[in-house]
Amino acid sequence: MDRIRIIGGAPLKGTIRIGGAKNAALTLMPVCLLTDQVVTLTNIPDLADIRTMGGLLEHMGVHVHLNGADSAEGRILDLNASGLRDTTAPYDLVRKMRASVLVLGPLLARHGQARVSLPGGCAIGTRPVDLHLKALEALGAIIELKEGYIDARVEGRLKGAQVNFPKVTVGGTENALMAATLAEGRTIIENAAREPEISDLATCLRAMGAQIEGIGTGTLTVDGVDSLGGVTHAVVPDRIETGTYALAAAATRGRLTLTGTGMDLTEALVDHMRQAGVVVEEATDGLLIDATGGEVRGVDVMTEPFPGFPTDMQAQWMALMSTASGACMITESIFENRFMHVPELSRMGADINIHGGSAIVRGKARLSGAQVMATDLRASVCLVIAGLAAEGETVINRVYHLDRGYERVEDKLVTCGATIERLSG
Ligand code: EPZ
C-alpha cells in the first residue's frame with residue numbers, strides 16, 4: 001500500500017490549479033441515464049471515484065469515452081447510454097463508492113426499474129439512504145429491500161409529487177431531482193440541499209431540456225418532460241479542493257494563488273479564514289491566500305449544510321487550528337463519526353479533546369512529524385496539511401483514500417516548495 005512522506009516546515013508559495021468538483025462529476029455522470037443522446041462533461045478530474053463511476057456505467061452498457069486528458073479545459077468525458085442493457089448496480093461496485101446510489105433516480109425515471117446494492121456504512125457514519133427511497137416512493141416508485149439490494153420499479157411513468165426532506169441531504173436531493181425531470185407533472189422538492197454541486201446538476205439538466213425552477217434555493221420546482229436531449233457541460237470547480245489548498249497555505253504560513261476556482265463557492269470558509277487572521281483576496285480566475293503575516297488565531301466552527309461551513313472541510317480546519325494561537329471549538333453536525341483524524345493529529349502533538357460532537361483544539365506553536373494512518377478522504381488530506389506544517393518527517397499510511405478525491409496532490413504541492421513524495425508498496 002502506498003504511503004506519503006513529507007518533510008514539513010516550509011511555507012507553501014506558488015500557484016495551484018483547481019480541478020472540477022469530484023462530487024459534482026459523480027452526480028453529473030449518471031445524468032446520461034436520462035437520455036439516449038450523448039452527454040459530454042468537461043473539466044472532469046482524474047480521480048479514482050470518477051473511474052469507479054465510469055466502471056459502473058460501463059457495466060450497465062453505457063459507452064464511456066474519456067478524451068482531452070491534460071487539455072486546457074481539463075479532461076472530457078463522453079457518455080452515451082443509448083445501448084443500456086443492465087439496470088443493476090452490483091455490490092462489488094457500490095461497496096467501493098457510495099455515490100453509486102445516484103444511478104437509482106435516473107434509472108427509475110427513464111427505464112422504469114433499478115436494482116442497486118444498498119451501500120453499507122462508512123468510516124464517517126452509518127449514512128443511510130432512507131430519504132432517497134422515501135422521495136422516490138413519493139414519486140410513485142415501488143421499492144423493496146431484498147438480499148442487500150434496493151429493488152425499485154414503477155408502473156408506467158413516475159408521477160410528480162410533493163417531496164419534503166425532513167433533513168437536508170445532498171444525495172437524496174440529487175436522486176429526487178434527476179427522477180423528477182422525467183416524471184409526469186409537477187414535483188416540488190422542499191428543504192432541498194443548496195450545495196453548488198446541486199446547482200451544477202440542475203443547470204446541466206436544464207440545458208438538456210428539463211424544466212427546473214428555484215436553482216440555488218431550498219425549494220426546487222420541476223415540471224416533468226417526456227424526454228431529455230444531449231448536452232455539453234463543464235463541471236463546477238471543486239470548492240473542497242480549493243479550501244484544502246487554502247488551508248494548507250495558511251497552516252504553513254505561506255502564500256498561494258488558486259486558479260480555476262471562485263470565492264463564491266467557499267464563502268463560509270473564507271469568512272472563517274479571515275476571522276483567523278489569514279488574508280484571502282479575489283485574484284484573476286481565483287483566490288489569493290496569504291498567511292505570511294504569521295499569526296493565525298483559533299476560530300470556532302460548526303459544520304452545516306451549504307451555505308454553512310462544509311463538513312468536508314472540518315478535518316482540514318482542525319489541522320490549521322492545531323497550529324493556531326488560542327483555543328477553539330469545532331462541532332460536527334452532519335456525520336456522527338467524523339473525528340477519526342483526531343487521534344492521528346494527537347500523534348503529531350496536537351492538543352485536542354472530544355466531547356460528543358465537538359472537539360476543543362488548543363493550538364501549538366509547532367506540530368511534530370510522526371507516522372500516521374489515513375481513515376477517509378478528508379482525514380487523509382488533513383494529515384497532509386498537518387505534515388506540511390510540522391517539524392520533521394511525517395509518513396501517512398493508507399493514502400489510497402487521498403486518490404479518491406485529490407488529483408496529483410504531491411505534484412501540485414511540490415511545485416509550491418513542499419518536500420513530499422509517494423513511497424510505493
Ligand atoms: C455528500 O454525501 C458528499 N458526497 C459528501 O462528501 C459530503 O460530506 C456530504 O454530501 C455532506 O455535504 C457526494 O456528493 C458524493 P448527505 P451524501 O445525504 O449525499 C443523513 C467527501 O468527502 N442521511 O447530505 O451521502 C446522512 O447520514 C464526501 O467528498 C440520512 O439520514 O450526504 C448525513 O448524516 C464524504 N438519510 C446527512 O443526512 C438519507 O437517506 C447528510 O448526508 C441520506 C442522508
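The values are calculated or read from the model by the stated rules, or taken from the named source; none is laboratory data. None of the values given here were measured: they were computed from a predicted structure. Quick reminder, even Gly has a Cβ in these numbers, built from the backbone with ideal geometry, and neighbours come from all protein chains shown.
Being buried (at least 20 other Cβ atoms within 10 Å of the Cβ), small (Gly, Ala, Ser) and away from the ligand (no atom under 16 Å from the Cβ) is a property that residue 89 lacks. Taking the stretch 77-174 and the helices (runs of 4 or more DSSP H) fully enclosed by it, the elements with 3 or more residues that are at pLDDT 95 or above, farther than 22 Å from residue 306 by Cβ and in contact with a strand residue (DSSP E or B) (Cβ under 7 Å, 6 or more places away or on another chain) are at 104-111, 130-138.
Kindly establish whether residue 298 is under 28 Å from residue 14 (Cα atoms) and over 22 Å from the mean Cα position of the chain (by Cα). When the stated conditions are applied, residue 298 passes them. Across the stretch 262-301, which residue is farthest from residue 350 (Cα to Cα) among those that are buried (at least 16 other Cβ atoms within 10 Å of the Cβ) and within 16 Å of the ligand (Cβ to nearest atom)? Once the filter is applied, the top-ranked residue is 265.
Consider the stretch 347-393 and keep the residues that are at pLDDT below 95 and closer than 13 Å to residue 324 by Cβ. The one that is nearest to the ligand (Cβ to nearest atom) is 364.
Per the listing 111, 59, 63, the residue uniquely surrounded by fewer than 24 Cβ atoms within 10 Å (Cβ to Cβ), under 23 Å from residue 182 (Cα atoms), away from the ligand (no atom under 16 Å from the Cβ) and in contact (Cβ under 8 Å) with a residue 24 or more places away in the chain is 111. Where helices (runs of 4 or more DSSP H) fall entirely within the stretch 335-425, those with at least 3 residues that are touching a Leu at 6+ places or on another chain (Cβ under 8 Å) are at 377-389, 400-405.
One line per residue, one yes/no per condition, for (1) touching a Lys or Arg at 6+ places or on another chain (Cβ under 7 Å); (2) basic (Lys, Arg); (3) under 30 Å from residue 218 (Cβ atoms):
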{"site": "262", "(1), (2), (3)": "no, no, yes"}
{"site": "265", "(1), (2), (3)": "yes, no, yes"}
{"site": "268", "(1), (2), (3)": "no, no, yes"}
{"site": "275", "(1), (2), (3)": "no, no, yes"}
{"site": "281", "(1), (2), (3)": "no, no, no"}
{"site": "291", "(1), (2), (3)": "yes, no, no"}
{"site": "297", "(1), (2), (3)": "no, yes, no"}
{"site": "300", "(1), (2), (3)": "no, no, yes"}
{"site": "303", "(1), (2), (3)": "no, no, yes"}
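Scoring residue 11 on the criteria (1) assigned to a strand (DSSP E or B); (2) more than 27 Å from residue 119 (Cβ to Cβ) leaves a single failure, condition (1).
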